[in-house]
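For reference, the structure discussed in these notes is given below.
What follows draws every value from the coordinates through simple rules; no lab data is involved. Remember, predicted model here, so these are calculated numbers, not experimental data. Note that we place each Cβ from the backbone using ideal geometry, even for glycine, and neighbour counts take in every protein chain shown.
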Amino acid sequence: MRFAQILYDKAHWVFEDENKPDFAPNIVLVDITDKHEVKEGWDYDKKTGEFTEPTIPEPTPIEPEPTVEEMQAQTLLNTELLLTMKEIGV
C-alpha cells in the first residue's frame, strides 16, 4: 500500500507500507495506492480528496537598475526643479 502524510494541505511524506500505520491522531494519512502520480509537495484538497500538482507562481519581474547616465539626468532634473522653485519662492 502507498500512503501520503498530509501537512498544511500538501503531501508532506509519501511512503509504502503493508498496512496503514497507527500514528498520533493528529497525523493525517491518505491511501494513495491507486494514485501513482502523487509526489511529495503536491496539493491536497481535503473536501474532494484530490491531489494536484503544485502551481508555481511566475516570478515578479525585477525592474533593471538605472544606468549612471539615467541617474545623472534625474539628479540634474531634480536640481533644476529645486532651483526653479527657490527662484519663484515656493
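Observations on the model:
- Degrees separating the helix 68-87 axis from the principal Cα axis of the chain, which is the longest one: 50
- Cα Rg over Rh - region 51-90, Kirkwood: 1.51
- Theoretical ellipticity at 222 nm over the chain - DSSP helices of four or more residues, -39500 (n - 2.57) apiece, nearest 500: -7500 deg cm²/dmol
- Net +/- balance of residues flanking Asp9 in space, Cβ distance below 13 Å, scoring K and R +1, D and E -1: 0
- For the chain, with +1 on Lys and Arg beta carbons and -1 on Asp and Glu, the positive-most of Leu83, Val14, Pro61 along the dipole: Val14
- Only one of (1) 54; (2) 27; (3) 43 was calculated from the structure for percent of Cα pairs over 23 Å apart, and its label is (1).
- Computed from point charges on the beta carbon alone (+1 for Lys and Arg, -1 for Asp and Glu), the dipole magnitude for the chain about its Cα centre is near 340 Debye.
- Under 15 Å between alpha carbons - lysine pairs in the chain that sit 8 or more apart or on different chains: 4
- Positive contributions from Lys and Arg (+1) and negative ones from Asp and Glu (-1), summed over other residues with Cβ under 15 Å from the Cβ of Phe51, come out at -3.
- Cα radius of gyration and Dmax for region 2-52 (Å): 10.1, 27
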